[in-house]
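Q: Sharing a structure with you now.
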Amino acid sequence: MRCPFCAHDDSQVKDSRPTEDNTAIRRRRQCESCGARFTTFERVQLRDIAVIKSGGGESPPRREPFDRAKIEQSVTIATRKRGIAQERLDQLVSGVQRQIETLGENEVEARAIGEMVMDGLRQLDAVAYIRFASVYRDFTEARDFEEFAGSVRDVAQS
């Protein structure tokens, strides 16, 4: 494993243990060159999955490899300052990844992934759900927020 500090190719594993939800192995490593310590995660990947991104307008759709880190980043931004435990965020992201992998398809639309994330956030935190939706659904006016928040409130009351 390449050291993120000095780019040396060799590191030594100092500690390995499963993550809280048993979906990955956390490894503490130490670079053999500079001595820096860093953490890596090993996860099961059932197959290579391509994400189909809509081209928008006249341009054709494009494909890119599925990247769990993009979901993690989006969820982290949506839940910032909401006091949600990292373990619950990891469970959400792992759940979305499992849903994608169990579809049995080699390609999945970005729109479907966004809906899966929204479903998970809706159950986790209403504010994070609205934050994510505002970017995902491209809210452009305050009225968009009002209408969406109203629909969230109506669902919560029923």
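Bear in mind that the values in this text are calculations on the coordinates, not laboratory data. Everything quoted here is computed from the prediction, not taken from an experiment. Here the Cβ positions follow ideal geometry from the backbone for every residue, glycine too, while neighbour counts run over all protein chains shown.
Q: Of the candidates GLU58, GLU20, GLU87, which one comes out as most mobile in a Gaussian network treatment of the chain with C-alpha springs shorter than 10 Å?
A: Residue with maximal mean-square fluctuation among GLU58, GLU20, GLU87: GLU58.
Q: Within 10 Å, count the other beta carbons around each residue, average over each peptide in 67-74, 10-17, and list them highest first.
A: Ranked by mean Cβ neighbours within 10 Å, highest first: 67-74, 10-17.
Q: Also: Report the gain in length on full extension from GLN73 to ILE25: 0.36 nm times residue separation, minus Cα-Cα distance, nm rounded to one decimal. Kindly include the intermediate steps, with their values, before the conclusion.
A: Details: separation 48, 0.36 × 48 = 17.28 nm, distance 1.98 nm.
That pair, GLN73 and ILE25, stretches by 15.3 nm at full extension.
Q: Let me ask you something else. Of the options VAL127, ALA112, GLN91, report the single residue whose Cα projects farthest towards the positive end of the charge dipole of the chain (beta-carbon charges: Lys, Arg +1; Asp, Glu -1).
A: GLN91
Q: Using a Gaussian network model of the chain with C-alpha springs under 10 Å, which one of ARG43, ARG62, ARG26 is most mobile by mean-square fluctuation?
A: The residue that fluctuates most here is ARG62.
Q: Rounded to the nearest whole Å³, what is the per residue volume of the convex hull around the Cα atoms of the chain? Present the calculation step by step, with values, prior to reporting the outcome.
A: Numbers: hull volume 26.9 nm³, N = 158.
Each residue corresponds to 170 Å³ of Cα convex hull volume.
Q: Here's another thing I want to ask about it. What list of ³J(HN,Hα) couplings, whole Hz, do you get for the range 28-38 from phi and the Karplus terms 6.51, -1.76, 1.60, once you set θ to phi - 60° and write x for glycine and proline?
A: Working through the residues one at a time gives 8, 10, 10, 5, 6, 8, 9, x, 5, 10, 8 Hz.
Q: Highest GNM mean-square fluctuation, the chain, Cα pairs closer than 10 Å: which of PHE38, PHE139, PHE148?
A: PHE38
Q: While we're here: Size of the dipole of the chain about the Cα centre, Lys and Arg at +1 and Asp and Glu at -1 on the beta carbon, nothing else charged, in debye to 20?
A: 620
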